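One structure is given here, and the rest of the page talks about it.
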Amino acid sequence: CLGTSILTDSDSFQDVVVTIERPTYHKPFLGGFKNQITGVEFHNAGSQTIPKKRPDKGIQLFCRETQTVFEKNKAQQTRNTTSTQMTKIGLYVSNMTDKLISPGKYLTAEEYHKRRLEAVIVLQKCFRRWHAINVVQNLREEMRLRLAWEAQEELQRKKEKEEKLRREHERRLNPKTKDDFELLYNALELWRQEETERIDRTLTGAERKAAFCGLLEQEAQLIASIGRHKLNADEENQQKAILHFLAKCAQPKRWKAYDGKVTEMDTQYTLRARELLEIYRSISMNDIPKDERIDVLLTVRCTVKEHECKLTQEIMELIDREVDLMSREVKECNLEGLRKRICTLFLQYIKTPKFNPEVARILKVPPDPLKLYKNVNFCHSCENYLPSSEFPVPANSRTIGRCRLCCKLDNEARRREAFLKYKRILENLRKSEADYQDDAKIVFLVQHQDLQYMIENIWGSQSALSACSDLYDLVMVRWDKQREWSPWNTILLTKDEADAHLELCNLEKAYETAFIHRIKCKHIRAKNYFAQIPAMASFLHRSDNEANAN
């Protein structure tokens, strides 16, 4: 506090106590000036009164600075000074070019906005019409492409079906393989059953017996015709098998390097096998000139002359005999038997490991007789000792049964079933499982007999989705593609359905609950059937453990 004297009257002073309060807030700068000589700043005085505090309303308030608009006035003047000349006394100004301007209708704000809204609606209509035209055109183009694709797929399926029928017809007319003759016997059995049903339905008494006798004769004639075709096919296939066997012996050694390149190397044994292959091809040729035939025989004689044994002596004697007969102008038709004997003995010469060492690793019968006892089984039907590869062993088999040849003969004589469709399904299944590269094992234990049981008894020989019964168009795939294929993790579908099924990520969302329950029931039936098989027991327990873990 400070004390000061204030003049109250002309002669009297009064002491007044002045209290100086230190402000608790920063006073605003209200302007001032600065001495240019001394540099001292002088601020305009401000009131020391503490501003009145606003009452607290419980709401947080924020201050905002006011944005001041700076105005500036400036006079403008056009460069060209113009003037207006009016009509007056003594001056006439023509008004021919004048324009009469009259005020228009006053437009209110409501009418203005209404007019803009109508214009916007018109623009929206035009845009929506343009957008709808584009959408329709795109849909029409997609529909055209879809219809074209469907037509192409339908045409492709039709061509495939026609090609399949043509191949079936060709295989029945000119059978060459075991599967072809299997189809022939199956067609014969179907024809016999149809004829039997027709005779039972239309004839009785003696006429029925006579018709059955005629049917039996026709069946015997057809079987004899099939047998003749089989003999011709066996002869042709035997020659192809011999050439394939010799070509396999003559192949060079191959191995793949780290960079993926395949390296081939010929050894002295492969060169020897290739030389013998070329000689055998030459000696097996028919209708060659006499001089070339004699050169081939002399080459064979020089080749076998290197080894002295009973077989080579017999070959040389036969060669000398043929050369002598050819010199006497004997007809070639009379030399066919002699030439076949020479080919047979020379083939026996090639298959001898002593003369052709490369053939030892390919022969079914090993040179060492002791190796035969390790992998040989006895067939109780034909009473022959055969390697284990000659016995079909289904997954549910507990003993070694009949060999493949006996099973084939029994099928041709009695049931005459065609297993080609099931073999194709199994082959496609094994290829698809090999592509997963997850070490699948169960699919390679299952045989076509097991697959046939699954398709016929569990899946009803039809697709689980479309009920398609054409086995040529059906495939088996994984039900859950994250787990390996097994009889309790599979589904039977058409090819198109299988492709769509394998693209699914969530089976519960893709299929209905009733369909999933039906598939699970089929899996349980397959699991109960294959649970009796010792080879499948370990895989079955492993799949149960995985399911419990999940």
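The values are calculated or read from the model by the stated rules, or taken from the named source; none is laboratory data. Nothing here was measured: the structure is a model prediction, and the numbers come from that model. Cβ placement follows ideal geometry from the backbone for every residue including glycine, while neighbour counts extend to all protein chains displayed. Quick note on the areas: whole protein, heavy atoms, side chains included, nothing else; ligands and nucleic acids left out. Shrake-Rupley method; radii C 1.70, N 1.55, O 1.52, S 1.80 Å.
Tabulated data for the structure shown
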read-out	value
D_trans [Stokes-Einstein, Kirkwood Rh over alpha-carbon pairs] for the range 307-350, 20 °C, 1.002 mPa s, µm² s⁻¹	197
Largest to smallest accessible area among 359, 135 [probe 1.4 Å]	135, 359
Surface accessible to a 1.4 Å probe, residue 439 within the full protein complex, Å²	110
Residue-level accessible surface for residue 117, protein heavy atoms, 1.4 Å, Å²	100
511, 349, 112, ranked by accessible area, largest first (probe 1.4 Å)	112, 511, 349
Rg(Cα)/(2.2 N^0.38 Å) for the range 455-501, N = residue count	1.06
Percent breakdown of C-alpha pair distances by 10 Å bin, ordered from the shortest bin, for the range 178-248	17, 34, 22, 14, 8, 4, 0
Rule-of-thumb Rg ratio for the range 418-548 [Cα; 2.2 N^0.38 Å; N residues]	0.99
5 angstrom amide H check on residue 460, placed H, neighbours 5+ away	none
Listed pairs 441/481; 176/340; 161/240; 209/408 exceeding 26 Å between Cα atoms	161/240; 209/408
Tail fraction, Cα-Cα pairs, the chain, threshold 45 Å, whole percent	58
Estimated 222 nm signal from helices in the chain, with DSSP H stretches of n ≥ 4 weighted -39500 (n - 2.57), rounded to 500	-17500 deg cm²/dmol
Charge dipole magnitude, Cβ of K and R +1, D and E -1 - the chain, Cα centre, debye nearest 20	1400
Per residue accessible area of the chain, 1.4 Å probe, in Å²	76
Area accessible to solvent at residue 143, 1.4 Å probe radius, in Å²	110
The range 74-222: C-alpha gyration tensor shape, a/c 1.5 cut-off, then a/b vs b/c	prolate
Surface share of carbon and sulfur [accessible, 1.4 angstrom probe, percent] for the chain	53
Relative packing of peptides 440-449, 298-307 - highest average C-beta neighbours within 10 Å first	440-449, 298-307
Given charges at Cβ of Lys, Arg, Asp, Glu: the chain dipole, positive-most of 122, 233, 268	122
Protein-only accessible surface order, largest first, of 263, 270 at 1.4 Å	263, 270
Karplus-derived 3J(HN,Hα), 6.51/-1.76/1.60, for each residue of the range 409-418, Hz, glycine and proline x	5, 5, 5, 5, 8, 10, 6, 6, 8, 10
Value of Rg/Rh across the range 263-363 [Cα atoms, Kirkwood radius]	1.01
